[in-house]
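Since the structure comes first, as structure tokens, the remarks are kept for the end.
The values are calculated or read from the model by the stated rules, or taken from the named source; none is laboratory data. Just so it is clear, the structure is predicted and the values come from calculations on it, not from any experiment. Please note: Cβ atoms are built from the backbone with ideal geometry, for glycine as well, and neighbour counts cover all protein chains shown.
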Amino acid sequence: MNAGKSTSLLQSNHNYEVRGLQTYLFTPKVDADLHEGSIHSRLGLEKKAHIFNESFNFYDYFQLRENEDIACVLVDEAQFLSEEQVKQLAHVCDKYNIPVMCYGIRTDFRGELFQGSMSLLAYADTLVELKTICEHPGCARKATMIARFVDGKLVTEGEKVVIGGDKYKVYCRKHYRKLTGLL
């Protein structure tokens, strides 16, 4: 969180578009409902996207578009993909020679991998980490962990997914451990 994932996705999409190349952008329904079907960044950039849910089949979707000249597929909030959807995207990439770029976070507020992230770690050809820094005062370490806050108070239990960037803060592992006691 706060590493610029959506900004980077939108910049990549822009680079394709200014060259007249066709892209497909996807965002999960859980996030699309909050942002009216758009991928958005905290910098104010946004772009309409196709919405996927847990039953969406990427391979079937692109099989119907195999005659299109598609330059790239970009997926935001990729942690919400299922393992099957990650495999479908890999199949699209391999069969149609279309690059697929997925942007998301690895773990939830308890430090547990999301299913989509776990599958991407297993099947992706390349992984690129976007970095941000720990929110603990005076710390300049790389933030790798996410803490959830409700009404300004730290929570370490609850539903895996609660959408809303203002509910979360990022920390290095050391400060996350001290703050949450979860590691």
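Structure values in brief
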{"item": "Helices (runs of 4 or more DSSP H) fully within segment 1-112 counting 2 or more residues that are modelled with pLDDT of 95 or more and acidic (Asp, Glu)", "result": "83-96"}
{"item": "All positions within segment 150-179 that are out of contact with any strand residue (DSSP E or B) (no Cβ under 6 Å at 6 or more places or on another chain) and of a type in the set (Ser, Thr, Tyr)", "result": "THR156"}
{"item": "Those residues of segment 116-161 which are crowded, with 18+ Cβ neighbours inside 10 Å and not in a loop (DSSP other than H, G, I, E, B), in sequence order", "result": "GLY116, SER117, SER119, LEU120, MET145, ILE146, ALA147, ARG148"}
{"item": "Residue match in segment 69-86 (condition: surrounded by 16 or more Cβ atoms within 10 Å (Cβ to Cβ), touching an Asp or Glu at 6+ places or on another chain (Cβ under 9 Å) and among the acidic types (Asp, Glu))", "result": "yes"}
{"item": "Which numbered condition GLY152 fails, given (1) more than 29 Å from LEU179 (Cβ to Cβ); (2) modelled with pLDDT under 95; (3) small (Gly, Ala, Ser)", "result": "(1)"}
{"item": "Checklist (1) over 16 Å from the mean Cα position of the chain (by Cα); (2) closer than 25 Å to LYS48 by Cα applied to GLU77, failing item", "result": "(1)"}
{"item": "Residue check, VAL18 hydrophobic (A, V, I, L, M, F, W, C), surrounded by 12 or more Cβ atoms within 10 Å (Cβ to Cβ) and on the phi < 0 side of the Ramachandran plot", "result": "no"}
